[in-house]
Each structure stands twice: as structure tokens, then as C-alpha cells.
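S.K.: This is the structure, below, for whatever I ask next.
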Protein chains: 2
Amino acid sequence: MSKSVFYHAGCPVCVSAEHEVINLIGAEKVEVVHIGEDRKRIDEAENAGVKSVPALVTPNGNVLHINFGASIADVRG
Amino acid sequence: MSKSVFYHAGCPVCVSAEHEVINLIGAEKVEVVHIGEDRKRIDEAENAGVKSVPALVTPNGNVLHINFGASIADVRG
């Protein structure tokens, strides 16, 4: 199985959701990407359908927006 | 590990999220509750902190609101 990708921006909601997702799915099955720091991946996230963070893009390509930390526009600043 | 509980109301967003969550976590680790049909569990969901469905309550008691299908008020009708 390919990995899911968890996009976040370091916000408190993001950190909490990251812990839960890793507990549930397993760290080895999730790539964690901080798009506030790794800004060249903002476009990649948006192209995958991510509208806000935290969000998990599954191996099927579906986007699960988990709670709400910040919009992509906010992260872009 | 105790189970997570996935609350939904049968909406298209809920069904899609349910498939993803079960793929990611494993069906044996998730109890799926349709609060549109099993209405006596609406209070239980709300007491757990669920504000909208679909939502996953983790074994730690944290609530992950996944995408947005319907508010609890909408489900209550």
C-alpha cells in the first residue's frame, strides 16, 4: 500500500490531528508535510484537492479535511 | 487498543469518508454508527464532542471531524 500524505501548517489543531492520525494509521503509513515550512509543496497540496489544513490525502487520492486549522490561502499568506 | 467510533448519517460525504477511514484504519478497529437511523445515539455523539458528521471519535476521546456532511442539528431535524 502506498502512503497517505498528511498536510499541516504547524497550528495547534494540526498538531493534535497529526498525533491522532499517526496513532490510528501508523507512522510508517503516513508522510507528514509541513506546508508552512516546505512552501514549494503548497501547490502540490492544492492540486491534490486540499482546501484547508490539516488534511490527509489517502492512497486513493481522496482528501479528508480533518477539523479546521487554516485555509490554504492563509498558509500562502 | 479500544475501537474508534465513526458517526455518520448516510450522506454521500459520510459514505465516502467511511470507506476511506475503514481502508486506513481497518474495519475491526472502527465501530460504525448511523445516527440518522440509530437516533438514540445522537446524544452520545454530541456528548463526545461531535458537532457534525462524518466524525471519528478516537480511543483517546478526541474528535476528528472529517469533511462536512451535516451538522448534528440537521441530523436531529
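S.K.: Can you list the HN-Hα couplings for the stretch A:25-31, worked out from phi with the Karplus curve (6.51, -1.76, 1.60; θ = phi - 60°), rounded to whole Hz and with x for Gly and Pro?
M.R.: Result, ordered by residue: 9, x, 4, 6, 9, 9, 8 Hz.
S.K.: Can you tell me the Rg and the Dmax, both Å, for the Cα atoms in the protein assembly as shown?
M.R.: When restricted to the Cα atoms of the protein assembly as shown, Rg and Dmax are 15.0, 48 Å.
S.K.: Please compute P(r) over all alpha-carbon pairs of chain B, binned at 5 Å starting from zero, and give each bin as a whole-number percent.
M.R.: 3, 18, 32, 27, 15, 4, 0
S.K.: Work out Dmax and Rg for the stretch B:35-77 from the C-alpha atoms and quote the Rg first, both in angstrom.
M.R.: In Å, with Rg to one decimal and Dmax whole: 9.7, 29.
S.K.: Rank-order A:4-17, A:32-45 by packing density, defined as the average count of other C-beta atoms within 10 Å over each peptide's residues, highest first.
M.R.: Highest mean packing first, the order is A:4-17, A:32-45.
S.K.: Then there's this: Total Lys pairs in the protein assembly as shown closer than 27 Å by alpha-carbon, pairs eight or more apart in sequence or interchain only?
M.R.: The number of close lysine pairs in the protein assembly as shown is 17.
S.K.: Starting from a Cα-only point model with no solvent, please compute log10 I(q)/I(0) by Debye for the stretch B:1-40 at q = 0.15, 0.32, 0.33 1/Å.
M.R.: Cα-only, vacuum Debye calculation for the stretch B:1-40: -0.33, -1.09, -1.12.
S.K.: Considering only DSSP beta bridges where both residues belong to chain B, give the percentage that are antiparallel (nearest 5).
M.R.: 60
Values quoted throughout were computed directly from the atomic coordinates according to the rules given, and no laboratory measurement underlies them. Note that the coordinates shown come from a computational prediction; the quantities given were computed from them, not determined experimentally. Note: ideal-geometry Cβ built from the backbone for every residue, glycine included; neighbour counts use all protein chains shown.
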